Amino acid sequence: MEAAKQQKGPCYLCGFETSKAYMGRHLLAQHCEADDRQECCLIKIEDENGEYWLFVDIPLSSTLSVLDKFLREVWLECCGHASAFRPQRSYNEEYRMNCRIGSFPLGTVIEYEYDFGSTTTLTVTFVGNIYREKQKIAVRVLARNHPYQFKCERCGKQAAWIDAAEWPGVMYCGACAKKVGDDGYLLPVVNSPRMGVCGYCGEFDKFGYKGIKKAKK
């Protein structure tokens with residue numbers, strides 16, 4: 001199982017499609033009108049390999065606990081595991097969950113861990129200040145990588161399931177997965193770096209790639 005590097009994705013504000021490397025510049029250049037809007041931090045979140053990525057905005061007054069809740073909902077939550085934000089490359093200390101987003105200087109890079117057994121590690125980058133109208137939810141998804149397409153190990157069709165009993169995971173389409181049956185530990189193929197780990201089955205519907213509501217400008 002290997003996903004292609006540098007998967008592109010859409011800006012949910014205008015539909016512009018670009019790479020992770022350019023998306024931050026696009027958002028700050030095209031969607032950063034100040035006026036009397038709410039000041040937020042533009043944050044880039046990616047997995048260890050940089051294959052899965054998100055750009056979000058979150059009010060400067062929000063805390064890391066709000067970001068933690070969001071990350072669980074959109075990418076990680078399976079069994080209520082513990083999590084922590086840490087200084088990059090340091091595992092001797094961690095940030096308090098009540099630390100405010102606005103307390104981190106722009107350009108700061110920190111690490112986030114979910115589940116200290118089968119750990120999923122993310123990198124969180126505080127990219128820049130951005131503005132928006134007030135939202136009902138604190139964390140707004142601005143851009144996200146397109147879902148990766150994997151092939152079934154048996155027939156070559158698009159895979160929908162991963163056998164998590166085999167590492168790094170064997171992929172199957174729906175028909176071939178039925179043949180595997182109880183002989184495997186099947187989990188759905190999802191747009192998340194936690195795919196195939198523990199009991200992760202996908203994100204909450206309100207953050208779903210197919211069902212996500214277009215972000216308000």
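The values are calculated or read from the model by the stated rules, or taken from the named source; none is laboratory data. In this text the structure is predicted, and so the values were computed from the model without any measurement. A quick note on method: Cβ atoms are made from the backbone with ideal geometry, for glycine too, and the neighbour counts reach across all protein chains shown.
Looking at 27, 54, 76, 67, which one is in contact (Cβ under 8 Å) with a residue 60 or more places away in the chain and farther than 22 Å from residue 202 by Cα? Even if it seems obvious, please write down each step before you answer.
Numbers: 54 fails: farther than 22 Å from residue 202 by Cα; 76 fails: farther than 22 Å from residue 202 by Cα; 67 fails: farther than 22 Å from residue 202 by Cα.
Within the list 27, 54, 76, 67, the selection yields 27.
Quick check on my filter: what residues within region 138-150 are among the hydrophobic types (A, V, I, L, M, F, W, C) and either without any contact (Cβ under 8 Å) to a residue 24 or more places away in the chain or touching a helix residue (DSSP H, G or I) at 6+ places or on another chain (Cβ under 8 Å) (or both)? Reasoning before the result, please.
Going residue by residue through region 138-150, those that are among the hydrophobic types (A, V, I, L, M, F, W, C) are 138-139, 141-143, 150.
Hits for region 138-150 are 138, 139, 141, 142, 143.
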Practice problem: Would you check which residues across region 41-50 are modelled with pLDDT under 95 and over 14 Å from residue 113 (Cβ atoms) and list them? | Solution: 49, 50
Practice problem: Can you give me the number of residues within region 51-70 that are surrounded by fewer than 22 Cβ atoms within 10 Å (Cβ to Cβ) and not in a loop (DSSP other than H, G, I, E, B)? | Solution: 6
Exercise. Could you please find all residues in region 134-190 being within 30 Å of residue 31 (Cβ to Cβ) and either more than 24 Å from the chain's Cα centre (by Cα) or of a type in the set (Gly, Ala, Ser) (or both)?
Key: 138, 143
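Among the hydroxyl-bearing types (Ser, Thr, Tyr), assigned to a loop (DSSP other than H, G, I, E, B), within 16 Å of the chain's Cα centre (by Cα) and at pLDDT 85 or above: is that true of residue 200 in this structure?
On the way: among the hydroxyl-bearing types (Ser, Thr, Tyr): yes; assigned to a loop (DSSP other than H, G, I, E, B): yes; within 16 Å of the chain's Cα centre (by Cα): yes; at pLDDT 85 or above: yes.
It is true that residue 200 is among the hydroxyl-bearing types (Ser, Thr, Tyr), assigned to a loop (DSSP other than H, G, I, E, B), within 16 Å of the chain's Cα centre (by Cα) and at pLDDT 85 or above.
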Practice problem: Any residue in region 191-215 that's surrounded by 12 or more Cβ atoms within 10 Å (Cβ to Cβ): show its pairings with residues that are at pLDDT below 55 and part of a loop (DSSP other than H, G, I, E, B) at Cβ separation under 6 Å, as long as the two are six or more apart or on different chains. | Solution: 191/209
Self-check item: Test set (1) in contact with an Asp or Glu (Cβ under 9 Å, 6 or more places away or on another chain); (2) surrounded by fewer than 19 Cβ atoms within 10 Å (Cβ to Cβ); (3) at pLDDT below 90 - residue 186 fails condition number
Solution: (2)
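Residues checked against (1) over 23 Å from residue 52 (Cα atoms); (2) of a type outside the set (A, V, I, L, M); (3) without any contact (Cβ under 8 Å) to a residue 12 or more places away in the chain:
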site	(1), (2), (3)
99	yes, yes, no
107	no, yes, no
124	no, no, no
131	yes, yes, no
155	yes, yes, no
166	no, yes, no
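Within region 71-175, considering only strands (runs of 3 or more DSSP E) that don't extend past its boundaries, which have at least 3 residues that are surrounded by 14 or more Cβ atoms within 10 Å (Cβ to Cβ) and modelled with pLDDT of 95 or more? Even if it seems obvious, please write down each step before you answer.
On the way: elements: 83-87, 109-114, 120-132, 140-144, 161-163, 170-172.
In region 71-175, 83-87, 109-114, 120-132, 140-144 are the strands (runs of 3 or more DSSP E) which contain 3 or more residues that are surrounded by 14 or more Cβ atoms within 10 Å (Cβ to Cβ) and modelled with pLDDT of 95 or more.
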